[in-house]
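The values are calculated or read from the model by the stated rules, or taken from the named source; none is laboratory data. On a predicted model such as this, the values are computed, not experimentally measured, just so you know. FYI the Cβ positions are ideal-geometry reconstructions off the backbone, even for glycines, and counts take in every protein chain you see.
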Amino acid sequence: MVTDLSQTPLPRLIQGGMGIAISSWRLARAVASRGHLGVVSGTAIDRVVACRLQEGDADGSIREAAEAFPDQSLATRVLQRWFKPDGLKNPGSYKPVPMFSISPPKALLELATFSSFCEVWLAKQKAKGPIGINLLEKIQAPTLPILYGALLAGVDTVLMGAGIPRDIPGLMDQLCQHETCSLRLTVEDGPAADIPFDPSVVEADLPALNRPQFLAIISSHVLAMSLARSGGVDGFIVEGPIAGGHNAGPRGWKYESHQDPVYGPKDQVDLDRVKSLGLPFWLAGGKDDPDSLAQAQELGAVGIQVGTAFAFCSDSGMNDSIRRRAIAYAIAGEVETRTEGRGSPTGYPFKTLDLPGTEGGRDPAIRQRQACAHGYLRTAYQKEDGQVGWRCAAEPEADYVRKGGDPADCEGRRCLCNGLLATAGYPHAMRLGGGLELPLITSGMIRDLPRFLNGKDDYNANDIIDHLCSQTTTTPNLLHTAV
């Protein structure tokens, strides 16, 4: 039976699950070591681990986690495919990882399951607090193997936003019982399709797993009410529009308008309606000063989620030179974030940092559109023969149109997959034009980063926690009974 977690203490502070590998196992472990909820990012974790292995796994962490994986034959196969003891021959010369589809190859399922297991397992070592994994509902194809790997590693909480994750709690229940299940895939111009996953890809005799808490990331009390009625949701992260990454669009805004979104009072979440659901919730977006925690609790929240401050600390997975440059520009007051209406191929507003020398910087170099190399933000569509195809509004316009897409969708789109991988220190060689992919930084407001330095030239996760918790001694709540 699934373990009842209804009496599990709830953390007051949740570290955001950011970007591709920004919320790395090191950051999550550092936060959880203080008793708070550390979160790893599940986005593109298969590629991240493949990159680390090809770079030689210098600290041996992936190979250490591999020894704990329940199917040693699978772990050996993954290491044989991807581990290069001598590292890369040339910068960015990573071996391509296949893209996910409705029927991905077994080797890709193995890599994804293994990778999320390793990330969660590493985060949990020597951490007295809980560990969560953050997933995006929009990225559907790899969800089940990544989720299953995290469950095998004993993940404590699953967080999901960028969509309506109504089916995830039920799928978690099935995966905890090692049952074959399928995720409904949204298909443009056609009916939804099923993406099946058979946990027997991991060949091991395993007991039923503990069912982690499930927290839905929402920006509307209407969505919170809908998810609460569906059941299986244990709480909510209520995210405001100044949070980094993808944001929900403001009321009445459409990306077809070619305008950046502007938020107003009508876009504020009715917290009284959320509180009436009887489920715990946390506030996110700009909650990075010592008063934030107490203010959130006065409004009925258990606590806060903080992302941007952790993204730029020394424990994060951001490339160190990029991170330090961003801090320097923040100290000088010469960097801002912009909510782009058309930057992301998902159609959601997306925040970018205008740091010079990056894809989102002021007067950035124009990146030549190239064929999609990673495919996480591709959209499934129905082809003329009834089969499911894949297209991305950030790929070459001719390719997108050939697949039935509207050329107007391509205007202003950025390749987030390559840019975010580069920000985490894994810039791939460009297929056209030579050179390496430029980093693309997504961030909330960073003007207040200097507050964490306290006279130093850098700061870490402990500095953030000390700052945020300096004015409160509230004891943790217990998980409410879901309605």
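Just a few scattered comments:
- Selection status of Gly425, in contact (Cβ under 8 Å) with a residue 24 or more places away in the chain and on the phi > 0 side of the Ramachandran plot: yes
- Qualifying residue in the stretch 255-264 (condition: of a type in the set (A, V, I, L, M) and either touching a residue at least 40 places away in the same chain (Cβ under 8 Å) or surrounded by 18 or more Cβ atoms within 10 Å (Cβ to Cβ) (or both)): no
- In summary, Thr113 fulfils each of the numbered conditions (1) within 19 Å of the chain's Cα centre (by Cα); (2) in contact (Cβ under 8 Å) with a residue 40 or more places away in the chain; (3) within 21 Å of Trp390 (Cβ to Cβ) with the single exception of condition (3).
- Cβ pairs under 9 Å, 6+ apart, first in the stretch 222-249 and acidic (Asp, Glu), second buried (at least 20 other Cβ atoms within 10 Å of the Cβ) and in a helix (DSSP H, G or I): Asp234/Pro169
- Of all residues in the stretch 12-33 being modelled with pLDDT of 95 or more and basic (Lys, Arg), the one that is surrounded by the fewest Cβ atoms within 10 Å (Cβ to Cβ): Arg26
- Of all residues in the stretch 59-77, those being loosely packed, with under 15 Cβ neighbours inside 10 Å, touching a residue at least 12 places away in the same chain (Cβ under 8 Å) and not in a helix (DSSP H, G or I) number 1.
- Flag for Arg338 being assigned to a strand (DSSP E or B) and surrounded by fewer than 22 Cβ atoms within 10 Å (Cβ to Cβ): yes
- Residue within the stretch 78-93 that is β-branched (Val, Ile, Thr) and assigned to a loop (DSSP other than H, G, I, E, B) present: no
- Breaking point among (1) farther than 30 Å from Gln72 by Cα; (2) touching a strand residue (DSSP E or B) at 6+ places or on another chain (Cβ under 6 Å), for Pro212: (1)
- Criterion applied to Ala373, Ala422 was being surrounded by 12 or more Cβ atoms within 10 Å (Cβ to Cβ) and under 23 Å from Ile102 (Cα atoms), and the one residue passing it is Ala373.
- For the stretch 38-58, the tally of residues that are crowded, with 24+ Cβ neighbours inside 10 Å, at negative phi and either assigned to a loop (DSSP other than H, G, I, E, B) or modelled with pLDDT under 95 (or both) stands at 2.
- Only helices (runs of 4 or more DSSP H) whose full extent lies in the stretch 99-198 are considered here, and the ones with at least 3 residues that are crowded, with 24+ Cβ neighbours inside 10 Å, touching a Lys or Arg at 6+ places or on another chain (Cβ under 9 Å) and modelled with pLDDT of 95 or more are 106-124.
- Flag if Arg402 is out of contact with any Leu (no Cβ under 9 Å at 6 or more places or on another chain) and surrounded by 21 or more Cβ atoms within 10 Å (Cβ to Cβ): no
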